[in-house]
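The values are calculated or read from the model by the stated rules, or taken from the named source; none is laboratory data. Only a predicted model underlies this, so the values are computations on that prediction, with no experimental measurement involved. Don't worry about glycine lacking a Cβ; one is built from the backbone with ideal geometry, like all the others, and counts go over all protein chains shown.
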Amino acid sequence: MSSYQLSGYTGLTLNQLQVLYSKYLVPTLKDKAKSTTIASAVALLLGYLAFKKIQEPPHEIRHLPHISYFTMLRSILQGEPTSSLSKRLVIPIISCPENNGLYARINGLGWTVHVASPEANKKMLMRTDIFPKSDPLPGTDGTLASRFLRGPNVLLLNGASWKTQRKLMNPAFHQSIPVNMFGGLVQRLFSVMENETGPINVTNLMMRWTLDVIGQAGFDFDFHATDEPENEWVQVYNSISKGMGKPLWFFFPVLDRKFLWLFPERRKSHKSLDRFLEMLDGVIVKKRKALKENKRNPSMKDNEKDLLTLMLEGSQTGGAALTDRELQSNLCIFFFAGHDTTANALSFIIYFFAKYPKIQQRAREEAHKILGDAPQDVIPTVEETKDMTYINMVIKETLRIKGPVTAIPARRAAEDTELEGVFIPKGTLLTSDIYNMHHNPKIWNDPETFDPERFKAGGEADMLASSGMPWMPFGGGSRLCIGMNFSLAEQRVMISMLLRKYTWRLPEDSIHKDELRTNNIGIMSAKILDIIFEKIY
Ligand code: HEM
């Protein structure tokens, strides 16, 4: 607090004001009563200045419309859903005729400029030199989240080291569309669903299913989370993932480093992470050895190989290579970036199909047309997933209206610059506000309506594309999500197979009857989404 610059109000720092007050003012007051009155007045003034200082953005970005600190704080403490915050506070700002899609609000890292304009997002995401990524967890070395996320990986690096890694990984992600693996895991899911009676908690089931997918696709490891949710490795992973999501440790990182002895549960999470990292090390060493000894499976198609194998094979032919530490850190990132995101996207699609039975039926007809309507499971080929035009439109509209990533990790302006004619001083934190751009009535017609037709060829989305980046659930520019095609294929396989096997609906007493209710810290997820499934075959 004492280091706050109050130059916007007084030109003095709080420290200087305190020194003036205690050194010069108080000693001159002989009368005690007078002294108390003035002391109270000065204390009040200091309090007011400090309050104003927190309440408003720093003066460098005070020219932007903003949501005040305490309004945001109240919203966070009340657990206000993203959709409500958007309708209540953000859309009224950015839908004003004179607003250009930029506003400021407080985030985990501090005051941040939210960019909700297609043009400004395009500029920001294309100019990675001016808008590099900012460290999302400064000063948190040794904490659980930092140990898991803050290694030398493609999500967090900047500049030349990021470019080198991305170049090494692009071919692996380009090749990896393991439809047979996805399909085999959907069949595993079906056998679990067979044994369920009554509504199924889809939020939980999708989290388990995508964990199996990322384990197998990432490094050929089977968690068996779908069919054995209590098994050892699922517990290990859940202990890390749940541990990272708890806000207490984010706000008080020192507890996570120096006071672990007070928290047995937290110590367990750290031990789980030790085991998980050791397991990854072991897998990397084994894979390298197998590759050296040329122990390949000749019948395995390239698109079905796991990402670790593809990255190692790529480095054998391409010269540069990732170190073991870089591979380990990136595998962690594939879990972080690719697990909850796709799980929640799938839950949301299943919800919208349940809410709109006609859309569900039309999508099923497309699945029948492409995969046939014989009463048996059919795993689509890569080509067949590309023919799923209508299913793809539903996936895209779901990602518009409820994209799991509501805002990208923060950038920090490396120099004085501008966006949409608005001055952005060096050092400013910025983010692409995906959710609010997708819900801005100045950009999308009737944005609260779920309408896959927006994404038909030549439809609204195509018309908007020339304006910059109006639809960006996977980010954009050179840092576009590297797992986008992987995730879209994963969704198409799962959804087309599910549509052929089941019809589904919301229970009468569903908490989501009127509107999808979501949790709002981090990745957006549905609150327990129970769905009633009925078998077709
Ligand atoms: C519905 C699913 C997904 C969504 C909505 C999503 C969203 C995003 C977004 C918005 C970004 C951009 C972040 C930024 O600009 O800072 C991103 C980056 C990234 N995503 Fe995804 N993602 C999904 C699935 C996946 C999957 C399945 C993987 C991996 C298997 C993955 C791996 C990554 C990585 C490594 C990056 C960093 C890329 C870079 O900075 O070069 N994502 N994702």
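Points worth noting:
- In the set (1) touching a residue at least 24 places away in the same chain (Cβ under 8 Å); (2) under 21 Å from the mean Cα position of the chain (by Cα); (3) closer than 27 Å to residue 515 by Cβ, residue 75 fails one condition alone, (1).
- Of the strands (runs of 3 or more DSSP E) lying entirely inside the stretch 386-488, not one is found with 2 or more residues being near the ligand (Cβ under 9 Å from one of its atoms) and small (Gly, Ala, Ser).
Quick grid of which residues meet (1) among the hydrophobic types (A, V, I, L, M, F, W, C); (2) touching a residue at least 12 places away in the same chain (Cβ under 8 Å); (3) within 20 Å of residue 206 (Cα to Cα):
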residue: 310; (1), (2), (3): yes, yes, no
residue: 314; (1), (2), (3): no, yes, no
residue: 322; (1), (2), (3): yes, yes, no
residue: 326; (1), (2), (3): no, yes, no
residue: 339; (1), (2), (3): no, yes, yes
residue: 349; (1), (2), (3): yes, yes, yes
residue: 362; (1), (2), (3): no, yes, no
residue: 367; (1), (2), (3): yes, yes, no
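- Residue match in the stretch 292-302 (condition: within 23 Å of residue 481 (Cβ to Cβ) and within 16 Å of the ligand (Cβ to nearest atom)): no
- Any hit, the stretch 321-344, residues being among the aliphatic types (A, V, I, L, M), closer than 30 Å to residue 513 by Cα and surrounded by 20 or more Cβ atoms within 10 Å (Cβ to Cβ): yes
- Filtered by the rule that a residue be among the aliphatic types (A, V, I, L, M) and crowded, with 19+ Cβ neighbours inside 10 Å, the stretch 157-194 gives 157, 168, 169, 172, 177, 179, 181, 185, 186, 189.
- The selection criterion, being in contact with a helix residue (DSSP H, G or I) (Cβ under 7 Å, 6 or more places away or on another chain), touching a residue at least 24 places away in the same chain (Cβ under 8 Å), outside any loop (DSSP other than H, G, I, E, B) and near the ligand (Cβ under 10 Å from one of its atoms), does not hold for residue 182.
- Qualifying residue in the stretch 95-112 (condition: within 16 Å of the ligand (Cβ to nearest atom), closer than 14 Å to residue 429 by Cβ, under 21 Å from the mean Cα position of the chain (by Cα) and crowded, with 21+ Cβ neighbours inside 10 Å): yes
- No other residue among 522, 475 is within 24 Å of the chain's Cα centre (by Cα), closer than 15 Å to residue 400 by Cα, surrounded by fewer than 20 Cβ atoms within 10 Å (Cβ to Cβ) and touching a residue at least 24 places away in the same chain (Cβ under 8 Å) apart from 475.
- Selection within the stretch 192-226 - in a helix (DSSP H, G or I) and more than 14 Å from the ligand (Cβ to nearest atom): 192, 193, 194, 202, 203, 204, 205, 208
- From 259, 276, 250, residue being surrounded by 15 or more Cβ atoms within 10 Å (Cβ to Cβ), over 30 Å from residue 316 (Cβ atoms) and assigned by TED's automatic domain parsing to the domain that holds residue 216: 250
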